[in-house]
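J.: I have a structure I would like to understand better, so I am pasting it below and will then ask my questions one at a time.
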Amino acid sequence: MPSFLDFEKPIAELQGRIDELRDTAAEGSVDLAADIARLQAKSDKLLKDTFARLTPWQKTQVARHPERPHFKDYVAALFDEFVPLAGDRAFGDDQAIIGGFATFRGRKIMVLGHEKGDDTASRLRHNFGMGKPEGYRKAIRLVELADRFGLPIVTLVDTSGAFPGIQAEERGQAEAIARSTEACLNAGVPIVSAIVGEGGSGGAVALAAGNRVLMFEHAIYSVISPEGCASILWRTADKAPEAAEAMRITAQDLKSFGVIDDIVPEPLGGAHRDRAAAIESLADALSSALRNLAPLTPSELRKDRQAKFLKMGRL
């Protein structure tokens, strides 16, 4: 059972009562099937109603849920014959950004994305999905390699932002992000990007400059985190809910602005409640986008991608 977020407390209480009744029924002393069914129907309706009216801040919490699928989960479920490629050929191998050759529904591709980790040890190893310069330079290397061999590229974005530490700045973080974005814009192969959790700042854009940008229903995508925005505007992170509302960071807002192309539906209650269904939903969207881009020539793909980003922000 997934862990519950703060705004899901009424659902959690109902589910707790259901679990208690099930434990009692399991002892065989009394038939509680009707009561369990009644409470389960009430819980399901409450879950549906709650997720039908999520605020941007609540969507932020869902997007950050630690039990959402991560890059390694998508690789295991969707991509056959995954061959990871390591290092930037200059400094080292950044574990926050992972990628390599793979097969997706019979098609050879290059897949890369952010990995946050799912426990304390793996989160530290993957630096919570916050890429360093060597991670973005690895991404550049993989994009150029895919371009050389004519392989479509799939990128899975899930990061609060690029690593802001002094070591990263010393090694040219801004330049690496800019060149990673440039490499994506200049590639002569189809690029389909998916925002699967958080899409934070330039650390996300560096892997999201695709011909088609997909976004999970409860994911977020923004130039800065709500907490960061609140700290700048109101001098306190306590105003993060207000910042999230003002920033228009949800998939629904971004679709209306033309920043993303399609919204990928999630299982009721979020991707963490049914990982397999969420991953399959994304797979169908990726497959459709790749199929639609397949007939375009390298020149047409570049023009399509550049036109997409140049028109953003225009009324």
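Bear in mind these aren't lab numbers, they're just calculated from the coordinates by the rules spelled out. Computed from a predicted model, the values in this text were never measured in an experiment. Note that each Cβ is placed from the backbone with ideal geometry, even for glycine, and that neighbours are counted across all protein chains shown.
J.: Going down the list K48/K72; K59/K239; K138/K308; K72/K116; K48/K239, which pairs span over 18 Å between their C-alpha atoms?
T.: Beyond 18 Å: K48/K72; K138/K308; K48/K239.
J.: Can I ask one more? Restricting to Cα pairs below 8 Å that are 6+ residues apart, what does the relative contact order work out to for the range 6-53? Please round to a whole percent.
T.: Result for the range 6-53 is 43 percent.
J.: Follow-up question, since we're still on this one. In terms of the Cα gyration tensor, with a ≥ b ≥ c the square roots of its eigenvalues, is the range 260-315 rounded because a/c is under 1.5, prolate because a/b exceeds b/c, or oblate?
T.: Oblate, because a/c is 1.5 or more while a/b does not exceed b/c.
J.: List I279, I249, I109 from most exposed to least, where exposure is judged by having the fewest other Cβ atoms within 10 Å.
T.: I279, I109, I249
J.: Here's something else I'd like to know. Over the chain, with a Gaussian network built from C-alpha contacts below 10 Å, which listed residue (T55, T236, T159) shows the highest mean-square fluctuation?
T.: Checking each option, the largest mean-square fluctuation is seen for T236.
J.: If I take every Cα pair under 8 Å that is 6 or more residues apart in the range 60-310, average their sequence separation and divide by the length, what percent do I get for the relative contact order?
T.: Relative contact order, the range 60-310: 17 percent.
J.: Kindly state, to the nearest 0.05, the FRET efficiency for W234 paired with D49, given R0 = 35 Å and r defined as their beta-carbon distance.
T.: Working from the Cβ atoms, E equals 0.70.
J.: Just to confirm my numbers, what's the Cα centroid distance between the range 191-238 and the range 32-87 in Å?
T.: Each part's Cα centre sits 19 Å from the other's.
J.: Straight-line reach from K311: which lysines have Cα under 17 Å away, leaving out those fewer than 8 places along the same chain?
T.: Correct list for K311: K255, K303.
J.: Related question: Counting each DSSP H run of 4 or more residues in the chain as -39500 (n - 2.57), what helix-only mean residue ellipticity at 222 nm follows after dividing by all residues, to the nearest 500 deg cm²/dmol?
T.: Roughly -15500 deg cm²/dmol at 222 nm, from the helical runs in the chain.
J.: Moving on. Could you tell me which trypsin sites (Lys or Arg not before Pro) in the range 29-59 are loop residues by DSSP with no more than 14 other beta carbons within 10 angstrom of their beta carbon?
T.: R53
J.: Loop-only check: which trypsin sites (Lys or Arg not before Pro) in the range 272-315 are DSSP coil with at most 16 other Cβ within 10 angstrom?
T.: K311, R314
J.: Right, something else. Taking springs between alpha-carbon atoms closer than 10 angstrom, which of A76, A174, A244 fluctuates most in the Gaussian network model of the chain?
T.: So, out of A76, A174, A244, the one fluctuating most is A76.
J.: Go from 0 up to the bin containing the longest alpha carbon distance in the range 129-189, width 10 Å each, and give me the % of pairs per bin.
T.: Distribution as computed: 24, 51, 22, 3 percent.
J.: Report the residue, chosen from M110, M215, M247, that carries the largest GNM mean-square fluctuation when the chain is represented by alpha-carbon nodes joined by springs under 10 Å.
T.: M247
J.: Sorted by mean Cβ packing within 10 Å, highest first, what order do the peptides 188-200, 217-229, 143-155, 113-125 take?
T.: Top of the packing list down: 188-200, 217-229, 143-155, 113-125.
J.: Still on this model: Using 0.36 nm times the number of residues separating L145 and S3, minus their current alpha carbon distance, what extension gain do you get?
T.: Between L145 and S3, full extension yields an extra 47.1 nm.
J.: Is the range 60-310 best put as rounded, prolate or oblate by its Cα gyration tensor, with a ≥ b ≥ c the root eigenvalues, rounded for a/c under 1.5, and otherwise prolate when a/b is larger than b/c, oblate when not?
T.: Rounded, since a/c falls under 1.5.
J.: Let me ask something additional. Put a dot 7 Å past each Cα toward the Cβ at E182 and A294; how far apart are the dots in nm?
T.: 3.3 nm
J.: When the scattering of the range 6-53 is computed by the Debye formula from its Cα atoms alone, each counted once and equally, what is log10 I(q)/I(0) at q = 0.23 Å⁻¹?
T.: Ignoring solvent entirely, the Cα scatterers give -0.77.
J.: Then there's this: By a straight-distance test (C-alpha under 16 Å), which aspartates and glutamates pair with K108 as possible cross-link partners, with residues fewer than eight away in the same chain excluded?
T.: Counting by Cα, and skipping residues close in sequence, K108 has these aspartates and glutamates nearby: D80, E81, E144, D147.
J.: While we're looking at this one, here's another question. Between the alpha-carbon centers of the range 89-103 and the range 271-308, tell me the distance in whole angstrom.
T.: Cα centres, the range 89-103 to the range 271-308: 21 Å.
J.: Give me the extension gain from Q40 to R105: residue separation times 0.36 nm, minus the current Cα-Cα distance, reported in nm with one decimal.
T.: Result for the pair: 19.7 nm of gain on full extension.
J.: Still on this model: Note the full-extension length gain between E245 and E169 as 0.36 nm times their separation in residues minus their Cα-Cα distance, in nm to one decimal.
T.: Working it through step by step, the gained length comes to 24.3 nm.
J.: Name the shape class, rounded, prolate or oblate, that the alpha-carbon gyration tensor gives for the range 227-269, where a ≥ b ≥ c are the square roots of its eigenvalues, rounded holds for a/c under 1.5, and otherwise prolate holds if a/b is larger than b/c and oblate otherwise.
T.: It comes out oblate by the Cα gyration axes.
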